[in-house]
Protein chains: 2
Amino acid sequence: MMLVNGQAQEYIAVADRGLQYGDGLFETVAVNAGSPRLWERHRRRLASGCRRLGIGEIDPDTLWHEIREVCSGVDKGVLKVIVTRGAGSRGYRPGPAARPTRIVATYPWPDYPAAHWQEGVAVRMCATRMGRNAALAGLKHLNRLEQVLARREWDDPRIAEGLMQDEDGHVVSGTMTNLFIADAGRLMTSPLTACGVEGVMRGVILDMAAESGIACEVASLTRQELDRATEVFVCNALIGIWPVQRIEQREYAVGPLTVSLGERLRVYLRDGNSHGAE
Amino acid sequence: MMLVNGQAQEYIAVADRGLQYGDGLFETVAVNAGSPRLWERHRRRLASGCRRLGIGEIDPDTLWHEIREVCSGVDKGVLKVIVTRGAGSRGYRPGPAARPTRIVATYPWPDYPAAHWQEGVAVRMCATRMGRNAALAGLKHLNRLEQVLARREWDDPRIAEGLMQDEDGHVVSGTMTNLFIADAGRLMTSPLTACGVEGVMRGVILDMAAESGIACEVASLTRQELDRATEVFVCNALIGIWPVQRIEQREYAVGPLTVSLGERLRVYLRDGNSHGAE
């Protein structure tokens, strides 16, 4: 089901700046038993993104009402929320009158094999790089050609994800996931201050690590650090945590930190934190 | 007037990857007496962009027919052509079945003061940078948040354009124009191999310079070179050439190379080159 500004429709105006310039943001949310998981975290990221891009405020109650409507009856699925700067006249300059467009829609749950969680996934290094831009870094905005080109690099269904480097060669994230590595009981993940998306699940994992006393360094990752790591995992709001079994030719065991965080995450998502309330 | 895949309508599917990911390209074309100026150059850039992004081929005759239809009766206006990868399911990976979406639409001619061409324009340096990414550099793709954020930086109508630097501090282009500087009878313009859009008018000017024996170096521009330059101008397919009168506090005279190229351009656009045939 899809609602555009509260109306049941599946189209938008060509004049919408979301199409014209990718001038907007989105959220991809897991839906369980009619309820959007970790919504409070998604809502906060969306609101923060709107502030950073100068997109008009979205009334949270209106949006929540629309989300409840499209998620109703969805046992297991995906909610996608898109907010654009709205329709405008031609030209990069946003008009003063632009009113944001809200799109909420549900999609089928992606059918990943159970082995992705248990045995881990094979991952490739993508040739497509991420451009560095502090003004856009962290945002889940609609300018996603880099991810599209990276995802076009492979067809092999045995490869579940591709890792992307920035123009300086730092390993930033997967095309659709954030990346964590572990070495000597210590976690590391990329700061996302130059590029990449600040994933909601990455935030949950950072919080869980802090609460559990697991040291976690947020710092740029090199290929060498990836090679040296004893554990690697990727995460996003839909999949939670997938251990990485292999990056190109380098193999990794599913290690104790990954297993422990995976178990904590299952408890966290089950025990009343599913809306992200702290 | 607007046509979407040949149909008179002003909306597209939310599922279109142009909206979902900015997965597409566009052209902005001057229309004179019902005819799109320099169309052959625009068409070549669009086709080259589709090849680089792996977007399915657009039949040039179908597109030309649609363009003639929307431009018919437009004495002076703007044609915008958008081509996206088409509708698809959720996820960055393009489906094998994606058929490109064609949008052609006309807009009013922007009402710039005549002084912009005669006396030149005042220009600012934008704080928003351009991320460097060789895979996207040169393309007029739909990921344009950097230009939107740069254009949001000022409201002063006396400032006609803003110049953007890349993350390394090189001056790449304006938000909607390409940039040329002149020093000691020699032109310089940015190579656009790391970021920026390869403008059609920039191509015309490079060709005119070559034919006229004007030396032109395509090389990265520093702020120092901009300060040292004796002439600066910006260009695009709609405006042709605007001399730059001032960048922040530094003033420039409208110099002989700018005047000479402006005159050659008027002749070029008048004498049978208006469709871009060489």
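The values are calculated or read from the model by the stated rules, or taken from the named source; none is laboratory data. Here the structure is a predicted model, which is why all the values come from computation and not from measurement. Because the Cβ atoms are built from the backbone with ideal geometry, glycine has one as well, and the counts that use them run over all protein chains shown. Accessible surface areas use protein heavy atoms only, side chains included; no ligands, DNA or RNA. Shrake-Rupley method; radii C 1.70, N 1.55, O 1.52, S 1.80 Å.
Within region B:28-36, identify whether any single residue is surrounded by 15 or more Cβ atoms within 10 Å (Cβ to Cβ), in contact with a Pro (Cβ under 6 Å, 6 or more places away or on another chain) and not acidic (Asp, Glu), and answer yes or no.
The answer is yes, given that some residue of region B:28-36 is surrounded by 15 or more Cβ atoms within 10 Å (Cβ to Cβ), in contact with a Pro (Cβ under 6 Å, 6 or more places away or on another chain) and not acidic (Asp, Glu).
Out of curiosity, is A:ALA150 at pLDDT 95 or above and in a helix (DSSP H, G or I)? Yes, satisfied.
Sort out which residues of region A:79-89 are touching a residue at least 60 places away in the same chain (Cβ under 8 Å) and either facing chain B (nearest Cβ under 7 Å) or not in a loop (DSSP other than H, G, I, E, B) (or both), and write them in order of number.
A:ILE82, A:THR84, A:ALA87
Every listed requirement among (1) more than 14 Å from chain B (Cβ to nearest Cβ); (2) open to solvent by 10 Å² or more (accessible area, probe 1.4 Å); (3) in contact with a Gly (Cβ under 8 Å, 6 or more places away or on another chain); (4) at pLDDT 95 or above is met by A:ALA15 save one, (1). Among the residues of region A:117-133 satisfying the criterion of being in contact (Cβ under 8 Å) with a residue 60 or more places away in the chain and open to solvent by less than 30 Å² (accessible area, probe 1.4 Å), which is farthest from the other protein chains (Cβ to nearest Cβ)? By that ranking, first place goes to A:GLY120. Within region B:1-12, the set of residues being within 21 Å of A:ARG85 (Cβ to Cβ) and surrounded by fewer than 17 Cβ atoms within 10 Å (Cβ to Cβ) comprises B:GLU10 only.
All conditions but one from (1) out of contact with any Cys (no Cβ under 7 Å at 6 or more places or on another chain); (2) of a type outside the set (Lys, Arg); (3) surrounded by fewer than 19 Cβ atoms within 10 Å (Cβ to Cβ) apply to A:ALA194; the one that does not is (3).
This table checks each residue for (1) within 14 Å of chain B (Cβ to nearest Cβ); (2) over 13 Å from the mean Cα position of the chain (by Cα); (3) of a type in the set (D, E, K, R).
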site: A:PHE180; (1), (2), (3): no, yes, no
site: A:THR189; (1), (2), (3): no, yes, no
site: A:GLU198; (1), (2), (3): no, no, yes
site: A:GLY213; (1), (2), (3): no, yes, no
site: A:ARG246; (1), (2), (3): no, yes, yes
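If you go through region A:134-167 and keep only what is within 9 Å of chain B (Cβ to nearest Cβ), among the β-branched types (Val, Ile, Thr) and either touching a residue at least 24 places away in the same chain (Cβ under 8 Å) or more than 17 Å from B:GLY91 (Cα to Cα) (or both), you end up with nothing. Among the residues of region B:48-69, those identified as closer than 20 Å to B:ASN133 by Cα and open to solvent by 20 Å² or more (accessible area, probe 1.4 Å) are B:SER48, B:ARG51, B:ARG52, B:GLY54. Scanning region A:18-28 for residues that are among the hydrophobic types (A, V, I, L, M, F, W, C) and more than 12 Å from every other protein chain (Cβ to nearest Cβ) yields a total of 0. Does A:SER72 satisfy the criteria of being open to solvent by 60 Å² or more (accessible area, probe 1.4 Å) and either small (Gly, Ala, Ser) or closer than 26 Å to A:GLN9 by Cα (or both)? Taking the combined requirement at face value, the residue satisfies it. In this structure, is B:VAL171 open to solvent by less than 20 Å² (accessible area, probe 1.4 Å), β-branched (Val, Ile, Thr) and more than 9 Å from chain A (Cβ to nearest Cβ)? So B:VAL171 fits the description; yes. Of the candidates B:ARG250, B:ARG264, B:ARG270, B:ARG228, the single residue that is under 30 Å from B:ALA33 (Cβ atoms) and surrounded by fewer than 18 Cβ atoms within 10 Å (Cβ to Cβ) is B:ARG270. Kindly evaluate A:ARG102 against the criterion of being open to solvent by 10 Å² or more (accessible area, probe 1.4 Å), more than 10 Å from every other protein chain (Cβ to nearest Cβ) and either among the hydroxyl-bearing types (Ser, Thr, Tyr) or in contact (Cβ under 8 Å) with a residue 12 or more places away in the chain (or both). Answer is yes for this residue. When region B:29-52 is limited to residues that are within 14 Å of chain A (Cβ to nearest Cβ) and touching a residue at least 60 places away in the same chain (Cβ under 8 Å), the one that is farthest from the chain's Cα centre (by Cα) turns out to be B:ARG52.
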